[in-house]
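In what follows, a single structure is set out as structure tokens and then discussed.
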């Protein structure tokens, strides 16, 4: 007695494996196209030259004696110069998240009456951040990796190794 092919369990077993592979392939294609990776830098030589320029800016900050102390407590960022006795009309601070580019942000701060730079956030800033401090003229630069929030001041000092 012959039965229909769709009533045989082995027929379904043979068909389920290729169908699973097709569904997995389509799912992989959709995931890859909705969340693309950032592109790799195309011109490595120019990038290398730019890194050398950044290291030179950090060395200049080191030579000038630039030092800062940073604290973030109760959503208030306080940055105070602790190195040379110089007033800065404007300090640019860039915050870069190590894994999520959409969380990166930039602040341009002016000093208060004490010479401190302050900013109050309307949201909580926490986690690991790579920060970059530059003056308005952009002739020196300090980079560091910090964890926020901090109850005590963190020393931000120029280090050419951290600029690479």
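Only the coordinates and a few stated rules stand behind these numbers; no lab work does. Fair warning: this is a prediction, and the values are worked out from it, not measured in the lab. Because the Cβ atoms are built from the backbone with ideal geometry, glycine has one as well, and the counts that use them run over all protein chains shown.
Could you state the angle between the C-alpha long axis of helix 9-34 and the longest principal axis of the C-alpha atoms of the chain, as a value from 0 to 90 degrees rounded to the nearest 10?
Helix 9-34 sits roughly 20 degrees off the main axis of the chain.
Sorting 63, 71 on the 10 Å Cβ count, fewest up front, what's the list?
63, 71
When a footprinting reagent is the concern and you count Cβ atoms within 10 Å, what order do 101, 73 take, fewest first?
Details: 101 9, 73 13.
The order, fewest Cβ neighbours first, is 101, 73.
Restricting to Cα pairs below 8 Å that are 6+ residues apart, what does the relative contact order work out to for the range 87-164? Please round to a whole percent.
Numbers: 125 pairs, mean separation 21.0, N = 78.
Relative contact order of the range 87-164: 27 percent.
So what is the calculated 222 nm ellipticity per residue for the chain, using -39500 (n - 2.57) for each DSSP H run with n of 4 or more, over all residues, to the nearest 500 deg cm²/dmol?
-10000 deg cm²/dmol
Roughly what angle does helix 44-64 make with the longest principal axis of the chain, taking Cα atoms, 0 to 90 degrees, to the nearest 10?
Result, in degrees: 30.
Please label the shape of the range 90-131 as rounded, prolate or oblate, based on the square roots a ≥ b ≥ c of the eigenvalues of the alpha-carbon gyration tensor (a/c under 1.5 means rounded; beyond that, a/b larger than b/c means prolate, else oblate).
Prolate.
If R₀ is 25 angstrom, what is the calculated FRET efficiency for the pair residue 107 and residue 37, using the beta carbon separation as r and rounding to 0.05?
0.35
Based on Cα positions only, what radius of gyration and what Dmax would you give for the range 45-163, in angstroms?
Both quantities, over Cα of the range 45-163: 14.1, 45 Å.
For the chain, calculate the relative contact order in percent as a whole number, restricting contacts to Cα pairs under 8 Å that are 6 or more residues apart.
24 percent
Determine, from the Cβ-Cβ distance of residue 76 and residue 23 and an R0 of 45 Å, the FRET efficiency 1/(1 + (r/R0)^6), rounded to the nearest 0.05.
The value I calculate is 0.30.
In nm, give the distance between the simple-model label positions of residue 136 and residue 90, each being 7 Å from the Cα along the Cα-to-Cβ direction.
The modelled label-to-label distance comes out at 0.6 nm.
Could you line up 86, 59 from fewest to most neighbouring Cβ atoms inside 10 Å?
So the ranking, lowest neighbour count to highest, is 86, 59.
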